[in-house]
Amino acid sequence: MSTIAFIGLGNMGGPMAANLVSAGHRVQGFDLDAEALGRAAQAGVSAAESAVGAVDGADIVLTMLPAGRHVLDCYRGPGGVLAAAPPGALLIDCSTIDVADARAVHQAAADSGRQSVDAPVSGGVVGAENATLTFMAGGEETAFARAEPVLAAMGRRVVHCGPGGAGQAAKICNNMILGVSMIAVSEAFVLGEALGLTHQALFDVASAASGQCWALTTNCPVPGPVPGSPANREYRPGFATALMAKDLGLAANALAESGVDGELGAHAARVYAALAEGSAAGQDFSAVVNDIRARSRRPDGTPPARGEDGAS
Ligand code: NAD
């Protein structure tokens, strides 16, 4: 059993901290939001009044915060983790943040003489609640070896991707593939509608041919062919458009900083950023199909060809 400080007890952090309690760890939690802290306390987390209080005597300090600036703010300064945590504490950040910020966090940890791991997750709130998350970890071998059993208590799969920052890199590269492929699949369905093809016919061909991918066969953006996909429940997430927009923004930053000419990744980031500003922000990211269809209308307002809802 370890003493674990858990900072950031929101939609993801709250249930993750609860799973650490269930696994037998002593969890000392802190969140700026009193309600989030109260919910965690009900799940057995010992509520601290500050980050300094949470890290008192901790073997491990885990953060699950909105963005890189929150993590850096939480680490630095007189009331920060680096000033207050025990010298041998392992620092694990599970937030999804810029690769550059993740590297800065690792450097700050190393400068303080501590080991650190970046370990962003996929699997969403359901994965956090059911302890079925996938962790993508970056850090030295010895740091990863210390982190792995703790992460395993909150997830189903823990992958060591390489040195510090590699976990964040793997996460945004994967989600860039996902964002681009969802747009491609959605454009194909809208083009199929315009050409008089039924959704089922396109699905039957592409799902067994070279167009096969997760965006098509698991998260199919039109209702019908895959009964469990969010399109069948009015695009309730799933993986919300706003979160995809955030991750693609991080991917676009990484493309620019690395000098990589990732035209499709940058385009996908713009598409989802625009979508996240509208009413689709809370819908599953497969709702991009509706946006493409709406943008495809003729100037007189009529759909491109047959039934715009694809019920041809
Ligand atoms: P959230 O907004 O629900 O929770 C973040 C919590 O951090 C909030 O409760 C907030 O009060 C707290 N916080 C902010 N600054 C703080 C500080 N300095 N000290 C203490 N607490 C502070 O967000 P979430 O959905 O739990 O997401 C957390 C991270 O996980 C994000 O980086 C997100 O991109 C990533 N993520 C989320 C999902 C998802 O489905 N929600 C999936 C994968 C990854």
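The values are calculated or read from the model by the stated rules, or taken from the named source; none is laboratory data. Everything numeric here is computed off the predicted structure, so don't read it as measured data. Because the Cβ atoms are built from the backbone with ideal geometry, glycine has one as well, and the counts that use them run over all protein chains shown. Surface areas here come from the heavy atoms of the whole protein model, side chains and all, with no ligands, DNA or RNA. Shrake-Rupley method; radii C 1.70, N 1.55, O 1.52, S 1.80 Å.
Some points to look at:
- Relative contact order of region 3-162, taken over Cα pairs closer than 8 Å and 6 or more residues apart, is 19 percent.
- Helix axis angle, 99-111 relative to the chain longest principal axis, alpha carbon, degrees: 10
- Alpha-carbon gyration tensor eigenvalues x 5, square-rooted, for region 85-239, Å: 39, 15, 12
- With Cα atoms, 0 to 90° folded angle of helix 13-22 axis to the chain main axis: 60
- The ellipsoid equivalent to the alpha-carbon distribution of region 108-169 has semi-axes of 22, 11, 10 angstrom, derived from the gyration tensor eigenvalues as √(5λ) and listed largest first.
- The angle between the Cα long axis of helix 263-276 and the main principal axis of the chain comes to about 90°, on a 0 to 90 degree scale.
- The accessible surface of the chain, taken with every protein chain in place and a 1.4 Å probe, is 55 percent carbon and sulfur.
- Listed values for region 56-68 are Karplus-derived 3J(HN,Hα) couplings in whole Hz (6.51 cos²θ - 1.76 cosθ + 1.60, θ = phi - 60°), namely 4, x, 7, 7, 9, 10, 10, 10, 9, 10, x, 8, x, and x replaces Gly and Pro.
- Candidates Gly262, Thr241, Gly138 compared by Cα position along the dipole of the chain: farthest toward the positive end lies Thr241, with charges placed on Cβ.
- Toward the positive end of the charge dipole of the chain, with +1 on the Cβ of Lys and Arg and -1 on the Cβ of Asp and Glu, the farthest Cα among Gly53, Val190, Ser112 is that of Val190.
- Net charge, Val158 excluded, C-beta distance under 14 Å - Lys, Arg +1, Asp, Glu -1: +1
- Rounded if a/c under 1.5, otherwise prolate or oblate - region 169-295, Cα gyration tensor axes: prolate
- Each peptide in 245-257, 112-124, 149-161, 206-218 was scored by the mean count of other Cβ atoms within 10 Å over its residues; highest first, the order is 112-124, 245-257, 149-161, 206-218.
- With protein chains left intact and a 1.4 Å probe, residues in region 13-168 average 41 Å² of accessible area per residue.
- Unit charges on C-beta of K, R, D, E only; dipole of the chain, Debye: 340
- Cα-Cα separations in region 53-170 greater than 25 Å, expressed as whole percent: 14
- Whole-Å distance, taken between Cα centres, linking region 81-155 and region 61-75: 11
- For region 1-112, the calculated P(r), taken from all Cα-Cα distances in 5 Å bins from zero up to the bin holding the longest distance, is 2, 14, 26, 26, 19, 10, 2, 0 percent.
- Under the convention that each Lys and Arg Cβ holds +1 and each Asp and Glu Cβ holds -1, the size of the dipole of region 1-103 around its Cα centre is about 140 debye.
- Solvent-accessible area per residue for region 170-295 (1.4 angstrom probe, square angstrom): 46
- For the chain, the relative contact order comes to 12 percent (Cα pairs under 8 Å, sequence separation of at least 6).
- Percent of C-alpha pairs per 20 Å bin, the chain, short to long: 32, 50, 17, 1
- Sequence ranges 61-68, 171-178, 191-198, ranked by mean other-Cβ count within 10 angstrom, highest first: 61-68, 171-178, 191-198
- Dipole of the chain, positive direction: furthest Cα of Phe203, Ile7, Pro86, with charges on the beta-carbon: Phe203
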